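Notes to accompany the following structure.
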Amino acid sequence: MELRKVQSMATAREKLVEATVGKVFQSEKVSLMESAGRILAESVISPAMVPDFRRSTVDGYAVHAGDTWGADENAPVFLELVEEVNMGDTPKKALKPGECVYVPTGAMLPECADGMVMVEYCEAFAVNQIAIHQGVAKGSFIVEIGEDLQLGEEILQAGKFLGPGDIAVLASLGISEVCVYQKPKITIISTGDELATPGEEKKMGQVYEINSFGLCAMAMEKGLDVVHVEVVQDTESLLLIAVKKAMAKSDFVVVSGGSSQGKQDITKQVLDEVSCPGVFTHGIAFKPGKPTILGYDAKSETILVGLPGHPVAAMMVFELVILWYYRQKLGIKEGITVPAFLESNLPGAPGRETCQLVELILDKKQDFYIARPILGKSGSISTLSRAVGYILIHRNKEGIKAGEKVQVHLL
């Protein structure tokens, strides 16, 4: 039996990046309507000013602001109504002193107008005459040309996860398609003779298969394309066939199995056999998740991963290694961390970096967050459903004391 020489998390990440230096994730152009949830492959530069005309932010009357100074309920100012602007129309002439023009919200202002009076403070007094009951300053309720976006401004950076707000901004510029990364393809293989499929009746001694469901959810949530999911028995020949098939159509092949030394040896042998240069990591100094395997096949450009069988360990390693790599490769920014104070003493693991799931509790009196450790073994899947994030304890740190400030990485 091979003795593992475990690596630190940092070393495992470095080796993964080095082994896959030639791997490139391709991009493609998609319509704006299809871009939600995709990762931007090229930064977007504004091709125009937004807005490209001066417009009102209220329903009311465009005025020379100086004409309204001193106006109030008891001493209104009377201005001549010379035009009413409809949405989408261009005002016919420039505004002169003593005049006003009705302009609805979002419509174009006439030239020379430098203020808007809300309709609530105006009333018709006579034919084509408006009484103004409130004075306004220059620039009131007006959006100037380019106030939102300037020509040539970088508005979205490559690596941006496109959400509804981003798509709305792109639409405001008249952009109809964007360049995004093709979704990396991933196959997830769970191994185990003891596994039963949810929805089916299981025998005594069996457990429902968990990992593929959790890992699929994580992958899809982050924008990966799950092309195949399979459960195979603890047999080397069957695993070999499954991995070979998956390599033909996947950027990542993830094998999740039992945590025993013998089972991990089988996974390592299979991943090494089907790849070149092969496995470069067999064990990470990380808790939970020590029996982790990483390899690469240069010919098919497939990243091969062996994860622990315990669900929490498998999902945390997937987050901290595979999704970390995915973010690095596509230029995606790391997630948000929240400062908090640890609720209770938390021991570390000598020689191993420790990942601890936590809840966040807001102390309303002190106006800060408390990080409450969620204790449980790595096989306790309920800990993940309760957690909002995790903290990391350095491998050379004995632990963290209650009241110590920590950074919580949100899940």
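If I filter the stretch 297-316 down to residues being assigned to a helix (DSSP H, G or I) and in contact with a strand residue (DSSP E or B) (Cβ under 7 Å, 6 or more places away or on another chain), which single residue comes out as farthest from residue 384 (Cα to Cα)?
In the first step, residues of the stretch 297-316 are kept if they are assigned to a helix (DSSP H, G or I); the result is 311-316.
Within this subset, residues satisfying the condition of being in contact with a strand residue (DSSP E or B) (Cβ under 7 Å, 6 or more places away or on another chain) are 314, 316.
Details: 314: 11, 316: 9 Å.
Here the answer is 314.
Sort through 144, 111 and tell me the only one that's within 41 Å of the chain's Cα centre (by Cα) and open to solvent by 60 Å² or more (accessible area, probe 1.4 Å). Explain how you work it out, then say what you get.
Values: 111 fails: within 41 Å of the chain's Cα centre (by Cα).
Result: 144 is the single residue among 144, 111 that is within 41 Å of the chain's Cα centre (by Cα) and open to solvent by 60 Å² or more (accessible area, probe 1.4 Å).
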Run residue 128 past the list (1) touching a residue at least 60 places away in the same chain (Cβ under 8 Å); (2) open to solvent by 80 Å² or more (accessible area, probe 1.4 Å) and report the number of the one that doesn't hold. (1)
Given the criteria in contact (Cβ under 8 Å) with a residue 40 or more places away in the chain, out of contact with any strand residue (DSSP E or B) (no Cβ under 9 Å at 6 or more places or on another chain) and acidic (Asp, Glu), does residue 319 qualify? no
Would you call residue 308 within 17 Å of residue 10 (Cα to Cα) and either more than 24 Å from the chain's Cα centre (by Cα) or of a type in the set (A, V, I, L, M) (or both)? no
What number goes with the only condition from (1) surrounded by 18 or more Cβ atoms within 10 Å (Cβ to Cβ); (2) part of a strand (DSSP E or B) that residue 320 does not pass? (2)
So which of 38, 54 is touching a residue at least 40 places away in the same chain (Cβ under 8 Å), over 24 Å from the mean Cα position of the chain (by Cα) and surrounded by 14 or more Cβ atoms within 10 Å (Cβ to Cβ)? 54
Quickly run through the stretch 153-194 and pick out the residues that are assigned to a helix (DSSP H, G or I) and among the basic types (Lys, Arg). none
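Of the residues that sit in the stretch 341-383 and are part of a strand (DSSP E or B) and polar (S, T, N, Q), which one is least open to solvent (accessible area, probe 1.4 Å)?
354
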Which residue pairs have Cβ atoms closer than 7 Å, lie 6 or more positions apart in sequence or on different chains, and pair a first residue in the stretch 337-355 that is within 12 Å of residue 394 (Cβ to Cβ) and of a type in the set (A, V, I, L, M, F, W, C) with a second residue that is open to solvent by 50 Å² or more (accessible area, probe 1.4 Å) and at pLDDT 95 or above? 355/392
Identify, from the list 278, 214, the residue that is in a strand (DSSP E or B) and either free of Cβ contacts under 8 Å to residues at least 60 places away in the same chain or surrounded by 17 or more Cβ atoms within 10 Å (Cβ to Cβ) (or both). 278
Criterion violated by residue 148 - all others in (1) modelled with pLDDT under 95; (2) closer than 30 Å to residue 307 by Cα; (3) not small (Gly, Ala, Ser) satisfied: (2)
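The values are calculated or read from the model by the stated rules, or taken from the named source; none is laboratory data. In this text, all values refer to a predicted model and were calculated from it rather than measured experimentally. When we count neighbours, we look across all protein chains shown, and the Cβ atoms used for this are built from the backbone with ideal geometry, even at glycine. Note: areas computed on protein heavy atoms with side chains; ligands, DNA, RNA excluded. Shrake-Rupley method; radii C 1.70, N 1.55, O 1.52, S 1.80 Å.
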